[in-house]
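Okay, structure first, notes after.
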């Protein structure tokens, strides 16, 4: 019988907080209850913000919480060649294109469009969708700009990708933390527009790396926060394009701060290390997050 495989996949670009503790401990509990496996993955493709010091803090926090995982730990920064091979396949199939517009270019394009009375579409996070100009560039012009070292990112041609896979895209979503009942969810990758799948200097993105890793590591159940629910549609599309197995998903509740917003590394929310230094115990953390 195939063991169920769960994973906890933090990014070492800041301190872990109570939301991470909930996700990590929930994954561990589900793995133990099912007699399955728990993997730890370090998602550190952002080599500027992710540092060895922050990674060491992640390990210290997780060990203090009592988390156990299978070795070896997969670090995404050690597998760029694997992601690049996947990206090369998408380039050969003309499912991605080089996107040259800077943030300023995008703002100017959208401002001009909206001045002419067109409301510009936005993704589920409220970010304006990428304009279509680069997708229409002739191949010769694309090559010229790349040869001149014009900065660019590789973006997925979502319409072409959806047309290629055909049919209805969906995923299996568990209803609650018991993983006892499921429901089908329609995947809507078009809501995100032409997402970035790689940058020129880093041959991957979150979406491309995570579907590659989940497949290579045999992850059967992806248990993560509700804030990634809509993004699952993009990952389902990539799984179909790359002919990768589809895990089952559960997007759990978020741990919110006193002001009702989700906890965030970038906003300086209280980290696990600070709570530990203030005298909190792992049992205190479990009580605080409702486990």
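Looking at segment 11-35 only, could you name the residues that are touching a strand residue (DSSP E or B) at 6+ places or on another chain (Cβ under 7 Å) and assigned to a loop (DSSP other than H, G, I, E, B)? Selection gives 12, 15, 16. Suppose we filter segment 198-213 for residues that are within 25 Å of residue 151 (Cα to Cα), outside any loop (DSSP other than H, G, I, E, B) and within 11 Å of the chain's Cα centre (by Cα); how many remain? Matching residues across segment 198-213 total 5. Scanning segment 190-199 for residues that are surrounded by fewer than 21 Cβ atoms within 10 Å (Cβ to Cβ) and in contact with a strand residue (DSSP E or B) (Cβ under 7 Å, 6 or more places away or on another chain) yields 196, 199. Considering the conditions (1) buried (at least 16 other Cβ atoms within 10 Å of the Cβ); (2) in contact (Cβ under 8 Å) with a residue 40 or more places away in the chain; (3) assigned to a loop (DSSP other than H, G, I, E, B), residue 238 is excluded by exactly one of them, (3). Here residue 24 does not qualify as within 24 Å of residue 196 (Cβ to Cβ), buried (at least 20 other Cβ atoms within 10 Å of the Cβ), in contact with a helix residue (DSSP H, G or I) (Cβ under 9 Å, 6 or more places away or on another chain) and touching a residue at least 24 places away in the same chain (Cβ under 8 Å).
Got at least one residue in segment 214-221 being surrounded by fewer than 18 Cβ atoms within 10 Å (Cβ to Cβ), assigned to a loop (DSSP other than H, G, I, E, B), modelled with pLDDT of 95 or more and touching a helix residue (DSSP H, G or I) at 6+ places or on another chain (Cβ under 6 Å)? No - not one qualifying residue is present in segment 214-221.
Among residues belonging to segment 164-175 that are in a loop (DSSP other than H, G, I, E, B) and touching a strand residue (DSSP E or B) at 6+ places or on another chain (Cβ under 8 Å), point out the one that is surrounded by the most Cβ atoms within 10 Å (Cβ to Cβ).
The qualifying residue surrounded by the most Cβ atoms within 10 Å (Cβ to Cβ) is 169.
Residue count for segment 241-264 under the criterion of being part of a loop (DSSP other than H, G, I, E, B) and either surrounded by fewer than 19 Cβ atoms within 10 Å (Cβ to Cβ) or modelled with pLDDT under 95 (or both): the result is 15.
When the residues of segment 62-76 are narrowed to those that are part of a helix (DSSP H, G or I) and either touching a strand residue (DSSP E or B) at 6+ places or on another chain (Cβ under 8 Å) or at pLDDT below 95 (or both), which ends up surrounded by the fewest Cβ atoms within 10 Å (Cβ to Cβ)?
My answer is 62.
The values are calculated or read from the model by the stated rules, or taken from the named source; none is laboratory data. This one's a predicted model, so the numbers in the text were calculated from it and none came from an experiment. All Cβ positions, glycine included, derive from the backbone under ideal geometry; neighbour counts span all protein chains shown.
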